[in-house]
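Engineer: If you scroll down you'll find the structure; I have some questions about it.
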Amino acid sequence: MSLDPATTRRIARLARIGLDDQETEAVRTQLGGILGWIEILNEVEVEGVPPMVGTSMNAALPQREDIVTDGDCQEKVLSNAPDRAGPFFTVPKVVE
Amino acid sequence: MSYVIEGSTGPWEIVVGLEVHAQVISNSKLFSGASTLFGGEPNTHVSLIDAGFPGMLPVINRGCVAQAVRTGLGLKARINLESRFDRKNYFYADLPQGYQISQFAHPIIGEGKIEIELSDGSTREIGITRLHLEQDAGKLMHDQDPKRSFVDLNRAGVALMEIVSEPDIRTPEEAGAYLRKLRQILRYLGTCDGNMDEGSMRADVNVSVRKAGEPFRTRCEIKNVNSIRFVTQAIEIEAARQVEIWESGGEVDQETRLFDPGRGETRSLRSKEDAHDYRYFPDPDLLPLVIEQSWVDQLKACLPELPDEKRARLQKEYGITAYDAGVLVAEQAIADFYETVAKGRDGKSAAAWMTGDFFAALNRTGKSIEESPVGADKLGAMLDLIADGTINGKIAKEVLETMFETGEAPLEIVERKGLRQVTDTGAIEKAADEVLTKNADKLEQYLGGKDKLFGFFVGQVMKATQGKANPAMVNEILKKKIHG
């Protein structure tokens, strides 16, 4: 399957990646190749086979008790913040 | 009660469905061990999972799952023993992961129902489509800096239940009744505190309009309405807006809108260009959630008595009216208080005093039932004083008022103020004689057929005894004296 440029730009926008025309064309070709490869899966007969939801067929979702075991690590949480203000992360103003 | 909008082309009915986000009461978050406590120092109740650090793996909180199951049971809903988690992808500054873990195709709770009661006493059933578990987002502050928004992730990752109703609601009043009933059930269950002004319960309102008998038309979603009053206002305003568009030959766009109570309008929140495409897919970090029927049964066995059942039981057990029972089950604490008062006493009289003078006094002093200076034991003791004839109903009102002021026991007040009911026949006869002598003219009119004057004589005798005479005895003695 090949992607058209509009779909490519849409995917890029949803991922918040800015692409110029040249980059769009490069990504379009690359993504098209990946999709083509994945489409091989369409040849597999899956009639009556329930969708796979995990790789370990017998494992159950592990659960924890409702107790506080984490947090209180403000410095670590903020350690990658490019523009922190005291105890806060900051971002360019977003108001709806 | 029907609600129609009279347009120029005839009447329109409204179709409303509600999506309620209810914050789950739990100690730690849905997928991390960080605290859910409100009001901590910014970014302290945050784990590296909540902050979206790479490589961190979510582990589900069994307590939150139990809360969702309890809520499902309270909504008489289907419990799905297998459910799944999906990623809802979008970028926003309060969502560090870049996706919200939610349940899309396979929610933990399926169809249920809520019975609502309307002001005219009628009831209606509103269907519940589903309830699913998902993560709350962080909090943004826009007023701290001219160019930047500040981000606090303390709330990020706290468990939410999204409770979706069927589009069964047909009037703004029904929407309000639905929210009140849902909040009451959640509070009884202890699964959400239901405080809309603190944001722990928020509603998205889906509104459309149609002519009677038509299929549904395009709906708009009004996001994040944070009070019941605003929900009813938003519905009225949005429905009127849509009628105007249809009638002027236009087309309503399916979109997300915001309610501005100040301006009394709804307005578009996102341009179509930016319409969200969430690209849901199964969260590869989380296996399907499988719960045991035996565990569900165990949770069911431990559910508290819910409002509808409590109301029916109070009516039956204490012989009170449906209306009084409804008032008394509004909050669990009120119902408990009532039952303490009514136990072993006259349930009707207990209900009358509580819903009457007692609530009036609470309102006047601005106190909740938990803060009431008059406890259930003292109110009960006062009812005992009425029942055994120590005081009459009129004096009891005065005693109750004093109880609210001083916190004294009712008998103390009666003794201190000398309010004991006068049941001494001699004293009442004496007062009656005086009244009749003093009002010989009125007595004559009464004997001449002006029956209403009997009440006047009773009033005068009561006055002469400072309201303390036993009213039944006053009646009897006066009758005997006048008619022989």
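Taken together, the values in this text are just the output of simple stated rules run on the coordinates, not laboratory data. These figures come from a predicted structure and were not determined experimentally. Here the Cβ is made from the backbone with ideal geometry for all residues, glycine too, and neighbour counts use every protein chain on show.
Engineer: Given B:Lys378/B:Lys468; B:Lys316/B:Lys479; B:Lys343/B:Lys481; B:Lys113/B:Lys316; B:Lys181/B:Lys223, which pairs have Cα atoms separated by over 31 Å? Let's see the in-between values first.
Structural biologist: On the way: B:Lys378/B:Lys468 21 Å; B:Lys316/B:Lys479 39 Å; B:Lys343/B:Lys481 41 Å; B:Lys113/B:Lys316 24 Å; B:Lys181/B:Lys223 20 Å.
Pairs exceeding 31 Å: B:Lys316/B:Lys479; B:Lys343/B:Lys481.
Engineer: Tilt of helix B:307-318 relative to the longest C-alpha principal axis of chain B, in degrees (0 to 90, nearest 10)?
Structural biologist: 20 degrees
Engineer: Moving to a separate point now. Is the stretch B:277-424 rounded, prolate or oblate when judged by the Cα gyration tensor, a ≥ b ≥ c being the square roots of its eigenvalues, rounded requiring a/c under 1.5 and prolate requiring a/b larger than b/c?
Structural biologist: prolate
Engineer: Relative contact order for the stretch B:425-483: what is it in percent, counting Cα pairs under 8 Å that are at least 6 residues apart?
Structural biologist: 44 percent.
Engineer: Taking the 0 to 90 degree range and rounding to the nearest ten, how far is the long axis of helix B:332-342 tilted relative to the main principal axis of chain B, both from C-alpha atoms?
Structural biologist: Compared with the principal axis, the helix lies near 20 degrees.
Engineer: Do any of B:Lys348/B:Lys463; B:Lys348/B:Lys450; B:Lys29/B:Lys88 go past 25 Å between their Cα atoms, and which?
Structural biologist: B:Lys348/B:Lys463; B:Lys348/B:Lys450
Engineer: Right, here's the next one. Which shape class applies to the protein assembly as shown: rounded if a/c is under 1.5, otherwise prolate when a/b exceeds b/c and oblate if not, where a ≥ b ≥ c are the square roots of the Cα gyration tensor eigenvalues?
Structural biologist: Prolate, because a/c is 1.5 or more and a/b exceeds b/c.
Engineer: Could I ask something else about it? Provide the net charge surrounding B:Leu436, with neighbours chosen by a C-beta distance below 10 Å and charges set as Lys +1, Arg +1, Asp -1, Glu -1.
Structural biologist: Working: positive: B:Lys438, B:Lys442, B:Lys481; negative: B:Asp433, B:Glu434.
Net charge around B:Leu436: +1.
Engineer: Taking chain B as the reference, fit the longest principal axis to its C-alpha atoms, fit the long axis of helix B:62-74 to the helix C-alpha atoms, and give the angle between the two in degrees, 0 to 90, nearest 10.
Structural biologist: That works out to roughly 60 degrees.
Engineer: If you rank B:His45, B:His142, B:His106 by fewest surrounding Cβ atoms within 10 Å, what's the result?
Structural biologist: Lowest count first: B:His142, B:His106, B:His45.
Engineer: Follow-up question, since we're still on this one. Put a dot 7 Å past each Cα toward the Cβ at A:Ala6 and B:Ala427; how far apart are the dots in nm?
Structural biologist: 9.6 nm
Engineer: Follow-up question, since we're still on this one. Restricting attention to the stretch B:403-484, which trypsin sites (Lys or Arg not before Pro) occupy a DSSP loop and are surrounded by at most 11 other Cβ atoms within 10 Å?
Structural biologist: B:Lys452
Engineer: Provide the gained length on full extension for the span B:Ser248 to B:Asn195, in nm with one decimal, where the gain is 0.36 nm per separating residue minus the Cα-Cα distance.
Structural biologist: Numbers: separation 53, 0.36 × 53 = 19.08 nm, distance 4.01 nm.
Answer, rounded to one decimal: 15.1 nm.
Engineer: Given axes a ≥ b ≥ c from the Cα gyration tensor, I'd like to know whether the stretch B:258-362 is rounded (a/c under 1.5), prolate (a/b larger than b/c) or oblate.
Structural biologist: Oblate.
Engineer: Given Cα pairs under 8 Å that are at least 6 residues apart, what percent is the relative contact order of chain A?
Structural biologist: RCO, chain A: 21 percent.
Engineer: For the stretch B:86-183, run through the GluC sites (Glu not before Pro) and keep only the ones in DSSP coil with at most 15 other Cβ atoms within 10 Å of their Cβ. If you can, show how the numbers build up before the last one.
Structural biologist: Working: sites: B:Glu111, B:Glu115, B:Glu117, B:Glu125, B:Glu134, B:Glu162, B:Glu173, B:Glu174; in loops: B:Glu111.
Sites meeting the loop and neighbour criteria: B:Glu111.
Engineer: List the aspartates and glutamates whose Cα sits under 17 Å from the Cα of B:Lys438, skipping any in the same chain fewer than 8 residues away.
Structural biologist: Here the aspartates and glutamates satisfying the reach criterion relative to B:Lys438 are B:Glu429.
Engineer: Counting each DSSP H run of 4 or more residues in chain B as -39500 (n - 2.57), what helix-only mean residue ellipticity at 222 nm follows after dividing by all residues, to the nearest 500 deg cm²/dmol?
Structural biologist: Taking each H run of at least 4 residues, the total per residue is -11500 deg cm²/dmol.
Engineer: List the trypsin sites (Lys or Arg not before Pro) within the stretch A:5-96 that DSSP assigns to loop and that have no more than 10 neighbouring Cβ atoms inside 10 Å.
Structural biologist: Passing sites in the stretch A:5-96 are A:Arg16.
Engineer: Let me ask something else. In whole percent, what relative contact order does the stretch B:305-417 give with Cα contacts below 8 Å and a gap of six or more residues?
Structural biologist: Dividing the mean separation by the residue count of the stretch B:305-417 yields 20 percent.
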